[in-house]
1. If the Cβ limit is 9 Å and pairs must be 6+ apart or interchain, which residue in segment 53-78 that is farther than 16 Å from Ile102 by Cα and in a helix (DSSP H, G or I) pairs with which residue that is open to solvent by 30 Å² or more (accessible area, probe 1.4 Å) and at pLDDT 85 or above?
2. Looking at this structure, is Glu246 within 16 Å of ligand 2 (Cβ to nearest atom), farther than 15 Å from Lys131 by Cα and charged (D, E, K, R)?
3. Need the failing condition index for Val129 against (1) at pLDDT 95 or above; (2) over 16 Å from the mean Cα position of the chain (by Cα), just the number.
4. Working carefully through the options Ile214, Ile199, Ile226, find the one that is open to solvent by less than 20 Å² (accessible area, probe 1.4 Å), in contact with a strand residue (DSSP E or B) (Cβ under 6 Å, 6 or more places away or on another chain), of a type outside the set (Lys, Arg) and within 28 Å of Thr239 (Cα to Cα).
5. Here's a check for you: in segment 133-178, which residue that is part of a loop (DSSP other than H, G, I, E, B) and in contact with a helix residue (DSSP H, G or I) (Cβ under 6 Å, 6 or more places away or on another chain) is farthest from ligand 2 (Cβ to nearest atom)?
6. Would you point out the residue of segment 276-326, among those that are among the hydroxyl-bearing types (Ser, Thr, Tyr) and buried (at least 21 other Cβ atoms within 10 Å of the Cβ), that is nearest to ligand 2 (Cβ to nearest atom)?
7. Checking the condition over 17 Å from Ala217 (Cβ atoms), touching a strand residue (DSSP E or B) at 6+ places or on another chain (Cβ under 8 Å) and within 12 Å of ligand 1 (Cβ to nearest atom), which residue from Gly179, Gly155 passes?
Amino acid sequence: MFSVFKKKLKEAISKLSKKVEEKEIIEEPKPAKRKEAKKAEKKDKKEKREKPKIIRRISREREIKEEDIKDVLWDIQLMLLESDVALEAAEKICEDVKSSLIGKKVKRDEIEKLVKKAFEEAIEKILSVPKIDIEKEIKKKKPFVIVFLGFNGAGKTTTIAKIGYLLKERGYKVVFAAGDTFRAASIEQLEEHGKKLGINVIKHHYGADPAAVIFDAIKHAEARGIDVVLADTAGRTHTNQSLVEELRKICRVNKPDLKVLVLDALTGNDIVEQVKMFNEAVGVDAYVFTKVDVYEKGGSIISALYKLPRPVLFLGKGQEYGDLEKFDPKKIIKILFS
Ligand SMILES: Nc1nc2c(ncn2[C@@H]2O[C@H](COP(=O)(O)OP(=O)(O)O)[C@@H](O)[C@H]2O)c(=O)[nH]1
Ligand SMILES: [Mg+2]
């Protein structure tokens with residue numbers, strides 16, 4: 001994750017460093033008269049021989065002005081956009097970086113540290129969403145009902161299996177609800193996971209009402225003292241409008257305790273549209289970002305959290321049941337800036 005971002009940030013910082021150095025050369029005081037100028041030139045040459053050039057420059061301090069960082073901010077904004085950060089989020093980050101840099105007195109060798117710090121803070125601000133602890137949540141109510149939302153292929157079914165595995169390992173009783181009654185083979189896919197994990201799957205036939213499937217799973221859980229219902233849903237029906245209506249009905253009938261939006265991090269900055277659509281349809285309580293293991297850019301997570309700040313339940317980092325990771329902004333920042 002973030003390899004593109006890191007490379008580009010390095011380039012932008014090195015450009016800014018050069019800029020500050022150039023300015024210093026231009027601003028060197030010029031002797032007023034010709035004679036003095038010659039004398040100074042001689043002296044300068046001697047000095048140059050005695051002291052390496054670079055040391056003289058490092059010892060200078062300069063105040064950062066808007067014109068110094070205009071180009072660099074532009075580079076950085078492009079870099080953010082190329083890393084899948086949505087425009088509004090990229091603009092906000094640049095705005096924050098700009099206001100924290102302008103007016104700072106800086107030496108050339110401090111620039112990298114200063115720009116990185118300004119960036120770190122701007123991005124950390126976006127990533128610092130409220131925390132969520134799934135075990136704490138599910139202890140609040142029995143059965144605790146979690147509905148997973150998201151487009152086809154986002155990784156809903158896989159994520160449900162992973163979370164089922166994790167909760168079972170920790171001693172909770174789990175049931176799956178096969179609420180994707182639309183996509184071919186989706187019920188079998190969930191059943192396959194259920195078989196491997198020893199978790200029951202409540203299902204109807206294809207084309208059945210998913211709200212009813214989830215309702216049955218909740219009744220099943222109530223009757224058997226099951227702690228958690230993990231409900232799958234379809235990603236896309238004939239049109240987005242019918243998907244919205246289907247999801248609304250699921251929520252109206254079953255009143256889930258947590259609506260988790262599963263997002264494929266590889267989606268790029270279209271992710272913002274998905275966040276908006278699902279949140280307007282039924283409201284999003286938390287996220288899971290999947291395929292983080294194969295995602296080099298990292299920006300779509302920043303875009304989603306900027307658009308709608310919600311807790312991140314987990315990051316999906318592979319195809320095995322154990323491939324779930326806790327979301328830690330500090331760790332992401334470290335990856336970004338190390
Ligand atoms: N590399 C990787 N692949 C994933 C991850 N999560 C899901 N997948 C894969 O993405 C594809 C779609 O996942 P699926 O759970 O069927 O998506 P759904 O349509 O939302 O239910 C499958 O091939 C999964 O194995 C992940 O975290 N990393
Ligand atoms: Mg599925």
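1. Gln77/Leu87; Gln77/Glu91
2. Values: within 16 Å of ligand 2 (Cβ to nearest atom): yes; farther than 15 Å from Lys131 by Cα: yes; charged (D, E, K, R): yes.
Answer is yes for this residue.
3. Of (1) at pLDDT 95 or above; (2) over 16 Å from the mean Cα position of the chain (by Cα), only one is false for Val129: (2).
4. On the way: Ile199 fails: within 28 Å of Thr239 (Cα to Cα); Ile226 fails: within 28 Å of Thr239 (Cα to Cα).
Answer to the selection: Ile214.
5. The first filter runs over segment 133-178 and keeps only residues part of a loop (DSSP other than H, G, I, E, B), leaving 133, 139-143, 150-155, 170-173, 178.
Still in the running and in contact with a helix residue (DSSP H, G or I) (Cβ under 6 Å, 6 or more places away or on another chain): 143, 150, 178.
Working: Pro143: 21, Gly150: 9, Ala178: 9 Å.
Checked segment 133-178; the qualifying residue farthest from ligand 2 (Cβ to nearest atom) is Pro143.
6. Pass one, segment 276-326, residues among the hydroxyl-bearing types (Ser, Thr, Tyr): 287, 290, 295, 300, 303, 306, 321.
Among the residues that remain, those that are also buried (at least 21 other Cβ atoms within 10 Å of the Cβ) are: 287, 290, 295, 300, 303, 306.
Details: Tyr287: 17, Thr290: 12, Tyr295: 20, Ser300: 20, Ser303: 24, Tyr306: 27 Å.
This residue is Thr290.
7. Numbers: Gly179 fails: over 17 Å from Ala217 (Cβ atoms).
Matching residue, one of Gly179, Gly155: Gly155.
The values are calculated or read from the model by the stated rules, or taken from the named source; none is laboratory data. In this text the structure is predicted, and so the values were computed from the model without any measurement. Every residue, glycine among them, receives a Cβ derived from its backbone with ideal geometry; neighbour counts consider all protein chains shown. Keep in mind that these areas ignore ligands, DNA and RNA; they rest on the heavy atoms of the full protein, side chains included. Shrake-Rupley method; radii C 1.70, N 1.55, O 1.52, S 1.80 Å.
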